[in-house]
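Notes follow the structure.
The values are calculated or read from the model by the stated rules, or taken from the named source; none is laboratory data. All of these numbers come straight from a predicted model, not from anything done at the bench. Here the Cβ positions follow ideal geometry from the backbone for every residue, glycine too, while neighbour counts run over all protein chains shown. With ligands, DNA and RNA removed, areas are computed over all heavy atoms of the protein, side chains included. Shrake-Rupley method; radii C 1.70, N 1.55, O 1.52, S 1.80 Å.
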Amino acid sequence: MLNDKKVLYSGMQATGTLTLGNYLGALKNWVNLSDEYECFYGVMDLHSLTVRQVPADFRKNARSLYALYVAAGLDPKKNCLYYQSHVSAHAELGWILDCFTYMGELNRMTQFKDKAAKHADNINAGLYTYPVLMAADILLYQADMVPVGVDQKQHLEICRDIAERFNNIYGEVFTIPEAYIPKAGAKIMSLQEPEKKMSKSDENVNATIRLLDDPDTIIRKFKRAVTDSGSEVRYSEDKPGVSNLMSIYGCVTGKTMEEIEREFDGKGYGDFKLAVGETVADELKPLQKRYEELMADKAFIDGCIKENDEKARYFANKTLRKVQKKVGLTEQIR
Ligand code: ATP
Ligand code: LTN
């Protein structure tokens with residue numbers, strides 16, 4: 001790298017407007033880590049194609065995702081924020097790594113099983129090899145660390161296995177990355193079915209808080225959130241609904257579960273849900289304002305994308321060339 005900072009890599013799919021889960025599990029931590037590391041954050045548009053997309057909506061979602069990265073506090077002059085599909089090395093290394101990944105390994109991936117069950121009419125090969133493309137993303141930039149929510153842990157493990165296998169054959173080509181999974185917020189659950197993770201492609205509007213929801217909508221959704229029997233605000237396994245709301249509140253305010261229990265001692269679910277709603281709405285206000293400004297400034301966003309795509313290409317191609325050479329592909333005659 002250009003300096004001695006360690007490298008951080010992460011990204012999200014452009015499959016819909018980000019949820020509070022994406023924010024608390026990933027984006028907020030990215031911002032906190034962005035000074036300390038040399039950071040690359042991708043708009044993972046190739047991964048998004050594993051589920052059928054409507055082209056016009058998909059383009060809008062990708063752009064909106066890019067603007068949300070910036071609005072959340074990632075400075076595009078310091079962090080490399082780019083589109084995955086604009087760097088062809090991802091697909092190229094993805095193919096090579098496919099040849100170093102066993103079907104037995106991919107058969108164990110729980111995300112594949114979940115998505116295959118959800119999209120039974122479109123169980124495509126991309127969905128199956130999704131983790132290999134993800135490994136290529138990370139390994140191209142020689143990332144030391146990958147901040148993600150807990151649902152991505154298994155993908156990080158297979159990425160490490162592929163990298164180690166490759167290094168064992170060809171020498172130290174890839175840096176072996178570590179997952180960074182936050183202690184709080186790593187798995188925010190649906191507001192309607194608290195046993196399921198909050199997911200941006202959920203069709204039930206009341207199940208997710210979107211980062212672009214207005215304050216009234218946010219408060220209304222929290223008021224309607226499914227809670228458990230009883231009326232006590234207490235963190236426990238048998239109270240998944242309330243515990244999820246407490247995790248959200250804790251993540252945003254920095255308070256511990258005990259502090260929250262004390263704060264709402266003797267108060268009912270109604271007061272608690274209202275407090276969570278108001279706190280989340282306030283947290284998101286500055287991000288939403290910045291987002292509107294950015295979406296109105298086409299030239300600025302276009303300039304950032306162009307500059308960062310080039311930077312990403314430079315680093316990614318360096319690794320790709322090395323890999324091509326190692327496996328014995330012949331160099332192009334220039
Ligand atoms: P989709 O519904 O399309 O599968 P998603 O909401 O699961 O999307 P991803 O793009 O797969 O979002 O994930 C982006 C990042 O957000 C990842 O780091 C992932 O671990 C994290 N993340 C997603 N959902 C949650 C959640 N409910 N809680 C915490 N982190 C999450
Ligand atoms: N699979 C990830 C998105 C993703 C990613 C990556 C995250 C694609 N490539 C590389 C970290 C590093 C998800 O969040 N669903």
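Hey, what angle do you get for helix 89-98 against the long axis of the chain, alpha-carbon based, 0 to 90 degrees rounded to 10?
Roughly 80 degrees between the two axes.
Once you've got the Cα coordinates, tell me which of Lys60/Lys322; Lys187/Lys318; Lys196/Lys223; Lys78/Lys285; Lys6/Lys183 are over 27 Å apart. Intermediate results must be reported in sequence, preceding the final value.
Numbers: Lys60/Lys322 35 Å; Lys187/Lys318 35 Å; Lys196/Lys223 19 Å; Lys78/Lys285 24 Å; Lys6/Lys183 21 Å.
Over 27 Å Cα-Cα: Lys60/Lys322; Lys187/Lys318.
Roughly how many Å² is the accessible area per residue of the chain, as a whole number, for a 1.4 Å probe?
Working: 16060 Å² over 334 residues.
Normalised by residue count, the accessible surface of the chain is 48 Å².
Might you report the magnitude of the Cβ-based charge dipole of the chain about its Cα centre, with Lys and Arg at +1 and Asp and Glu at -1, to the nearest 20 debye?
Working: 45 positive and 48 negative charges, 158 e Å.
For the chain, the charge dipole is close to 760 debye.
Taking the alpha-carbon distance from Lys267 and a cut-off under 17 Å, which aspartates and glutamates remain once sequence neighbours fewer than 8 residues away in the same chain are dropped?
Result set, ordered by chain and number: Asp228, Glu232, Glu258, Glu259, Glu278.
Helix 215-224: angle to the longest alpha-carbon principal axis of the chain, degrees 0 to 90, nearest 10?
The helix 215-224 is inclined about 70 degrees to the chain.
Hey, any idea what % of the chain's accessible area is carbon plus sulfur with a 1.4 Å probe?
Details: 8080 of 16060 Å².
Result for the chain: 50 percent of the exposed heavy-atom area is carbon or sulfur.
Cα axis of helix 240-253 to longest principal axis of the chain: angle in degrees, 0 to 90, nearest 10?
Once rounded, the angle reads 70 degrees.
Can you compute 3J(HN,Hα) from phi for each residue in region 61-67, using the Karplus curve 6.51 cos²θ - 1.76 cosθ + 1.60 with θ = phi - 60°, rounded to whole Hz and x for Gly and Pro?
Each residue's phi maps through the Karplus curve to give 4, 5, 5, 5, 5, 4, 5 Hz.
Where a ≥ b ≥ c are the square roots of the eigenvalues of the C-alpha gyration tensor, would you call region 247-334 rounded, which needs a/c under 1.5, or, failing that, prolate if a/b is larger than b/c, or oblate? Walk me through the intermediate numbers first.
On the way: a/c = 6.55, a/b = 2.23, b/c = 2.93.
Since a/c reaches 1.5 but b/c is at least a/b, the shape of region 247-334 is classed as oblate.
Out of region 173-235, which GluC sites (Glu not before Pro) are coil in DSSP terms and have no more than 14 other C-beta atoms within 10 Å? Before the final figure, lay out the partial values.
On the way: sites: Glu178, Glu195, Glu203, Glu232; in loops: Glu195, Glu203, Glu232.
Passing sites in region 173-235 are Glu195, Glu203.
Would you kindly derive the ³J(HN,Hα) couplings of region 321-329 from the backbone phi angles with the Karplus curve 6.51 cos²θ - 1.76 cosθ + 1.60 (θ = phi - 60°), listing them in order in whole Hz, with x for Gly and Pro?
4, 4, 5, 4, 5, 4, 7, x, 5
Pull up all non-local amide H partners of Gly11: gap of 5 or more, or a different chain, and H-to-H distance under 5 Å with H placed in the peptide plane.
Residues meeting the criterion, in which the H sits 1.01 Å from N, are Gly42.
What fraction of the DSSP beta bridges in the chain is antiparallel, stated in percent and rounded to the nearest 5?
Of all bridge pairs located within the chain, approximately 10 percent are antiparallel.
Taking Lys77 as the anchor, which aspartates and glutamates have their alpha carbon closer than 20 Å to its alpha carbon, excluding any fewer than eight residues away along the same chain?
Asp4, Asp35, Glu36, Glu38, Glu292, Glu293, Asp297, Asp302, Glu307, Asp309, Glu310
Give the calculated FRET efficiency between Arg52 and Lys187 to the nearest 0.05, with a Förster radius of 41 Å applied to their Cβ-Cβ distance.
Working: r = 26 Å, r/R0 = 0.64.
Calculated transfer efficiency: 0.95.
State, to one decimal in nm², a quarter of the convex hull surface area for the C-alpha atoms of the chain, i.e. the direction-averaged projected area.
Details: hull surface 74.0 nm².
Average projection, Cα convex hull of the chain: 18.5 nm².
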